[in-house]
Amino acid sequence: MYHYTDFDRQFVQQRAAQYRDQLQRHLAGELKDEDFRPLRLQNGWYVQRYAPMLRVAVPYGELASRQLRVLAKIARDYDQPSAEVLGTALSKQAELGTHSLAVGYGHFTTRQNVQFNWIPLDKSADVMELLASVDMHGIQTSGNCIRNITGDALAGIAPDEHIDPRPYCEIMRQWSTLHPEFAFLPRKFKIAVSGAAEDRAATAWHDVGLHLIHNEQGEVGFKVLVGGGMGRTPIIGRTIREFVPWNQILNFLEAVVRVYNRFGRRDNLYKARIKILVKAEGQRYFDEVEAEYQAILAHDGGQHAIPQAELDRVTACFKAPSITLDDTSAAADASLATLSPKEQAEYQRWLQQNVKAHKNPALRAVTLSFKRLGLAPGDASADQLDAAADLADRFSAGEVRVSHEQNLLLPWVRASDLPALWQAARALGLARPNIGLLTDIIACPGGDFCALANARSIPIAEAITERFQDLDELFDLGEIDLHISGCINSCGHHHSGHIGVLGVDKDGREWYQVSLGGADGSTLSGTATPGKVIGPSFAASEVADVVEALLDTYRTTRTPGESFISCVRRLGLDPFKLAANAARHETRDAGQVLNVHLNSADALTD
């Protein structure tokens with residue numbers, strides 16, 4: 001992991017102190033709401049449906065156990081609304097059918113960050129100082145700026161990796177943080193980086209996607225994609241340059257964002273993302289970027305060229321930890337011998353789904369599943385965060401990764417420790433062998449928490465998870481990406497799901513569109529592409545039945561060994577449309593009324 005320097009540490013501590021001063025002046029009435037709002041947003045503080053929401057930056061998904069423990073403390077001590085606030089929220093949500101709301105939890109997001117939903121604003125400066133004490137913050141997790149750099153959760157350890165992207169991600173993070181020219185872009189801006197043969201970072205779905213590669217001369221550089229994104233208009237990024245030398249990538253990114261900053265729409269929120277500019281201008285945008293890049297090199301002196309010494313300094317932080325690899329296979333075998341036949345079968349399934357190969361043959365990467373019945377996808381209680389920190393210390397050199405799929409990954413597990421880790425994770429409820437399967441659902445918090453949402457996501461995820469608890473059935477269905485978003489902002493990445501569910505608002509009522517055939521760009525899914533809507537919207541009470549009908553169609557029409565997504569592409573949408581429409585209820589639920597919108601101005605910065 002990256003090691004903060006004295007400068008880095010002083011930077012985040014000063015930022016926390018600045019925020020405390022701003023908060024105190026606001027609470028004292030010296031700083032009006034409209035003046036305080038951009039200051040809190042720049043530090044990751046939103047005002048959501050009922051309470052402030054904090055988004056904590058987790059650069060390219062890496063967390064140390066000490067940081068997990070501070071996140072646990074925040075969940076336990078600060079993610080606690082007053083009785084009045086919680087009572088109001090429960091009363092309002094009960095009108096929709098939600099009768100409990102998670103309190104004291106962190107939520108892992110699809111952008112590898114962590115969110116808290118209930119921290120009182122008057123406690124927010126205390127939380128900022130806690131984060132700074134372990135080299136964390138919420139800077140640029142909000143606002144029209146360059147957001148958290150995301151990457152492959154298997155970076156540095158994947159067998160198919162060409163080049164470890166983490167040092168480059170860290171240098172980009174430092175370049176983009178409080179960049180004076182890019183603090184007020186037309187809209188938010190997201191970068192994803194991959195250095196492996198398989199794209200596990202959904203790069204084509206980002207404003208900028210970067211692939212670390214070697215050119216024909218063996219030199220390291222980046223293939224650059226630009227103009228991808230989800231939301232109201234899903235667009236796949238286009239290649240703007242096949243190769244940019246590694247030391248020039250900041251100069252090239254500077255050109256990409258400068259041209260966007262200059263020509264991006266500021267008169268229409270829905271047309272402000274770079275994807276709209278690239279789609280509208282096409283080659284003209286590419287030409288403008290190339291001209292700007294050449295001007296940066298020729299006239300500005302390429303001032304953001306990365307020195308070799310700086311790359312070496314940062315790269316040294318990502319040296320693999322020293323792990324004793326004594327042969328303890330005998331102890332592992334003895335541990336397995338005590339398992340019942342049922343436990344043995346469950347363990348083997350866990351090995352198949354939750355354990356990945358590692359560059360080091362003696363090590364494995366293990367995913368802890370945060371997709372469990374009774375809890376929202378990606379939610380972790382204070383106790384579970386502490387327990388994950390304990391597992392990281394015991395089994396993974398004190399490190400975890402937040403994955404794009406809203407789980408935690410342990411990157412440095414000895415193969416001989418797998419039985420002990422499975423037993424420990426199983427006792428905590430984190431060893432469900434469903435990674436990559438149907439119930440490994442990606443979902444946003446939806447209308448239970450978010451002021452932007454048109455519909456709830458969590459009850460839909462819960463209904464589907466409850467319907468498909470049988471592991472034999474899940475393994476028979478195979479790998480399926482199911483994604484749920486509560487609104488068109490697509491925080492649940494529904495466009496890229498093999499099955500996508502989108503909450504929509506019809507006359508103030510909750511309905512759900514279902515799409516098929518989306519792909520994130522991974523090997524399983526194939527080339528990144530948005531799914532296609534299969535018909536009119538469904539009521540909340542119909543969604544789980546619709547999903548089951550789609551899967552029944554797959555079961556009855558698949559060829560031996562054929563995956564769900566391959567079956568959809570072979571057959572087309574028509575047989576799945578027929579099955580979905582047949583699942584509509586004769587007496588349809590008219591849709592729950594979602595009548596608690598706040599029209600929050602923070603919607604503009606999400």
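Which ranges mark the helices (runs of 4 or more DSSP H) fully within segment 283-375 that have 2 or more residues being closer than 30 Å to E462 by Cα?
Ranges flagged: 341-354.
Give me the pairs, please: first residue somewhere in segment 261-290 and open to solvent by 80 Å² or more (accessible area, probe 1.4 Å), second residue anywhere and not in a helix (DSSP H, G or I), beta-carbon distance under 7 Å, and either six or more positions apart or on two chains.
That search, which allows pairs on different chains as well, returns R265/P186; R265/A272; R266/P186; R266/A272; Y270/R232; K271/R265; K279/G227; K279/I235.
Looking at segment 175-198, can you tell me whether even one residue there is more than 22 Å from G500 (Cα to Cα) and part of a helix (DSSP H, G or I)?
yes
Applying the selection to segment 153-167, what residues are more than 14 Å from F222 (Cα to Cα) and touching a helix residue (DSSP H, G or I) at 6+ places or on another chain (Cβ under 9 Å)?
Scanning segment 153-167 gives A153, A155, G156.
Within segment 151-165, can you find the residues that are closer than 12 Å to R401 by Cα and open to solvent by less than 10 Å² (accessible area, probe 1.4 Å)? Steps first, please.
The initial filter retains those residues of segment 151-165 that are closer than 12 Å to R401 by Cα, namely 151-157.
Once the filter is applied, which keeps residues that are closer than 12 Å to R401 by Cα and open to solvent by less than 10 Å² (accessible area, probe 1.4 Å), segment 151-165 yields G151, D152, A155, I157.
In segment 129-143, how many residues are in a helix (DSSP H, G or I) and not polar (S, T, N, Q)?
Total meeting the criteria: 4.
Hey, can you tell me all the residues within segment 465-506 that are touching a strand residue (DSSP E or B) at 6+ places or on another chain (Cβ under 9 Å), over 20 Å from W205 (Cα atoms) and among the acidic types (D, E)?
D505
Which of the residues spanning segment 431-462 are part of a loop (DSSP other than H, G, I, E, B) and on the phi > 0 side of the Ramachandran plot? If you could, list the steps in order and put the result at the bottom.
First, pick out the residues of segment 431-462 that are part of a loop (DSSP other than H, G, I, E, B): 431-441, 444-445, 449-457.
Result: G436, single match.
Quick one: is T556 among the hydroxyl-bearing types (S, T, Y), over 19 Å from L438 (Cα atoms) and surrounded by fewer than 15 Cβ atoms within 10 Å (Cβ to Cβ)? Can you show your working first?
Details: among the hydroxyl-bearing types (S, T, Y): yes; over 19 Å from L438 (Cα atoms): no; surrounded by fewer than 15 Cβ atoms within 10 Å (Cβ to Cβ): yes.
For T556, the condition - among the hydroxyl-bearing types (S, T, Y), over 19 Å from L438 (Cα atoms) and surrounded by fewer than 15 Cβ atoms within 10 Å (Cβ to Cβ) - is not met.
Return the total of residues in segment 117-129 being of a type in the set (A, V, I, L, M, F, W, C) and within 21 Å of Q174 (Cα to Cα). If you could, list the steps in order and put the result at the bottom.
Residues of segment 117-129 of a type in the set (A, V, I, L, M, F, W, C): 118-119, 121, 125, 127-128.
If we keep only those that are within 21 Å of Q174 (Cα to Cα) too, we end up with 128.
The qualifying residues number 1.
Consider A590 carefully, then state whether it is at pLDDT 95 or above and open to solvent by 50 Å² or more (accessible area, probe 1.4 Å). Give the steps one after another, and end with the answer.
Values: at pLDDT 95 or above: no; open to solvent by 50 Å² or more (accessible area, probe 1.4 Å): yes.
No; evaluated as a whole, the condition is false for this residue.
Checking the condition of a type in the set (S, T, N, Q), touching a Phe, Trp or Tyr at 6+ places or on another chain (Cβ under 8 Å) and open to solvent by 10 Å² or more (accessible area, probe 1.4 Å), which residue from T109, T88 passes? Outline the logic, then answer.
Values: T109 fails: touching a Phe, Trp or Tyr at 6+ places or on another chain (Cβ under 8 Å).
Being of a type in the set (S, T, N, Q), touching a Phe, Trp or Tyr at 6+ places or on another chain (Cβ under 8 Å) and open to solvent by 10 Å² or more (accessible area, probe 1.4 Å) holds for just one of T109, T88, which is T88.
On the basis of being in contact with a strand residue (DSSP E or B) (Cβ under 8 Å, 6 or more places away or on another chain), touching a residue at least 40 places away in the same chain (Cβ under 8 Å), closer than 30 Å to Y2 by Cβ and not small (G, A, S), does F252 make the cut?
Working: in contact with a strand residue (DSSP E or B) (Cβ under 8 Å, 6 or more places away or on another chain): yes; touching a residue at least 40 places away in the same chain (Cβ under 8 Å): yes; closer than 30 Å to Y2 by Cβ: yes; not small (G, A, S): yes.
It is true that F252 is in contact with a strand residue (DSSP E or B) (Cβ under 8 Å, 6 or more places away or on another chain), touching a residue at least 40 places away in the same chain (Cβ under 8 Å), closer than 30 Å to Y2 by Cβ and not small (G, A, S).
Out of all the residues in segment 413-424, is one or more in contact (Cβ under 8 Å) with a residue 40 or more places away in the chain and farther than 30 Å from F318 by Cβ?
From segment 413-424, those in contact (Cβ under 8 Å) with a residue 40 or more places away in the chain are 413-423; that's our starting set.
Narrowing the set further to residues that are farther than 30 Å from F318 by Cβ leaves 423.
Yes, that holds for at least one residue.
So which strands (runs of 3 or more DSSP E) are wholly in segment 1-78 and hold at least 1 residues that are surrounded by 14 or more Cβ atoms within 10 Å (Cβ to Cβ) and at pLDDT below 95?
Values: elements: 45-47, 52-56, 62-64.
Counting at least 1 such residues, we get 45-47.
Name the residue, out of G526, G521, that is open to solvent by 20 Å² or more (accessible area, probe 1.4 Å) and within 18 Å of the chain's Cα centre (by Cα).
On the way: G526 fails: within 18 Å of the chain's Cα centre (by Cα).
Step by step, each of G526, G521 is checked, and only G521 is open to solvent by 20 Å² or more (accessible area, probe 1.4 Å) and within 18 Å of the chain's Cα centre (by Cα).
Can you work out which of the residues in segment 91-106 that are farther than 30 Å from N148 by Cα and not polar (S, T, N, Q) is most open to solvent (accessible area, probe 1.4 Å)? Outline the logic, then answer.
The initial filter retains those residues of segment 91-106 that are farther than 30 Å from N148 by Cα, namely 91-100.
Filter once more, keeping what is not polar (S, T, N, Q): 92, 94-97, 99.
Working: K92: 81, A94: 41, E95: 97, L96: 6, G97: 44, H99: 142 Å².
Restricting to residues being farther than 30 Å from N148 by Cα and not polar (S, T, N, Q), the top hit is H99.
Here are some conditions: (1) closer than 22 Å to C491 by Cβ; (2) aliphatic (A, V, I, L, M); (3) part of a helix (DSSP H, G or I). V256 meets all but one. Which one does it not meet?
V256 satisfies every listed condition except (1).
Only one residue in L368, L363 is over 24 Å from the mean Cα position of the chain (by Cα), hydrophobic (A, V, I, L, M, F, W, C) and open to solvent by less than 60 Å² (accessible area, probe 1.4 Å), so which one is that?
Sole residue among the options that is over 24 Å from the mean Cα position of the chain (by Cα), hydrophobic (A, V, I, L, M, F, W, C) and open to solvent by less than 60 Å² (accessible area, probe 1.4 Å): L363.
Looking at (1) surrounded by fewer than 24 Cβ atoms within 10 Å (Cβ to Cβ); (2) farther than 25 Å from N148 by Cβ, which is the only condition N354 fails?
Result: N354 fails condition (1) only.
The values are calculated or read from the model by the stated rules, or taken from the named source; none is laboratory data. Keep in mind the model is a prediction, meaning the values are calculated, not measured. Because the Cβ atoms are built from the backbone with ideal geometry, glycine has one as well, and the counts that use them run over all protein chains shown. Protein only, heavy atoms only, side chains kept; ligands, DNA and RNA dropped before computing areas. Shrake-Rupley method; radii C 1.70, N 1.55, O 1.52, S 1.80 Å.
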